[in-house]
């Protein structure tokens, strides 16, 4: 008879679609249509895509409990724009759900690879709910510890806590995002939507970083928002630090207290460029 007490990763192959499995401590979870519950630790160095990845139709990955996702530091460069993300959806009919169910459960994400974001939604849906957390500070914590280096073509890679290119992200609970890399963002969106219910803080330490960069799409934020940028313009680039930068017809609605602090030459608190963007502060 099989002993299932410590059998974790093999259960990924033994269980039928949609079956809930207790705990996970292992590598990449890719296109898994099912649920893990309990203490969940994902550590991966994805050559492309995400450590938790949904890229084909009708994949619905659910992680519930105390969740930690880390990307390894062993790869520092890549030629792929989809490299090294922690959580990624890339199909309109796919989703990833991350729920913290107990008062002490948290979602902790650390990204160390070049070009990686904590959450990237090219298509499909990412649902995050940490509203059950009652501990000190935020129940959702993202650290983007990416190296401050350029790729071989001298392009500085853009990374974000939430990077949306057409998908949809929904967040419930208090969130803290810290970026150390050059050109790092709290929210980056060009199409699709980001909907947040909960207080949020962005701390961007790298040169040319923004709290929010919206080049299209929709951001709806219900809760207090604190944005701090601490560095100057990126060396060799025309990009400065911004609290909020909107263009390309982006629609941003912020309902709650707003506190923006920017530092460095050429820094802006709020900047709305051409293109018919709409910013609403309530």
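Once the piece of chain linking residue 257 and residue 220 is laid out straight, how much longer is it, given 0.36 nm per residue of separation minus the C-alpha distance between them?
Working: separation 37, 0.36 × 37 = 13.32 nm, distance 1.38 nm.
Going from the current span to full extension adds 11.9 nm.
Starting from the Cα gyration tensor of segment 18-281, take the square roots of the eigenvalues, sort them a ≥ b ≥ c, and report rounded, prolate or oblate (rounded when a/c is under 1.5, otherwise prolate if a/b is larger than b/c, else oblate).
Prolate is the answer for segment 18-281, as a/c is 1.5 or above and a/b outweighs b/c.
Please give the peptides 37-45, 20-28 ranked by average Cβ packing (other Cβ atoms within 10 Å per residue), highest first, as a rough proxy for protection.
The peptides rank, most packed first, as 37-45, 20-28.
Full-extension gain between residue 43 and residue 68, please, as 0.36 nm times their residue separation minus the C-alpha to C-alpha distance.
Result for the pair: 8.2 nm of gain on full extension.
Sorting check: for 254-261, 182-189, 167-174, which peptide has the highest mean count of neighbouring beta carbons within 10 Å, and how do the rest follow?
The most tightly packed comes first, giving 182-189, 167-174, 254-261.
Readers should treat all values here as calculations from the given coordinates under stated rules, not as data from a laboratory. This structure is a prediction, so every number in the text was calculated from the model and none was measured. Note that we place each Cβ from the backbone using ideal geometry, even for glycine, and neighbour counts take in every protein chain shown.
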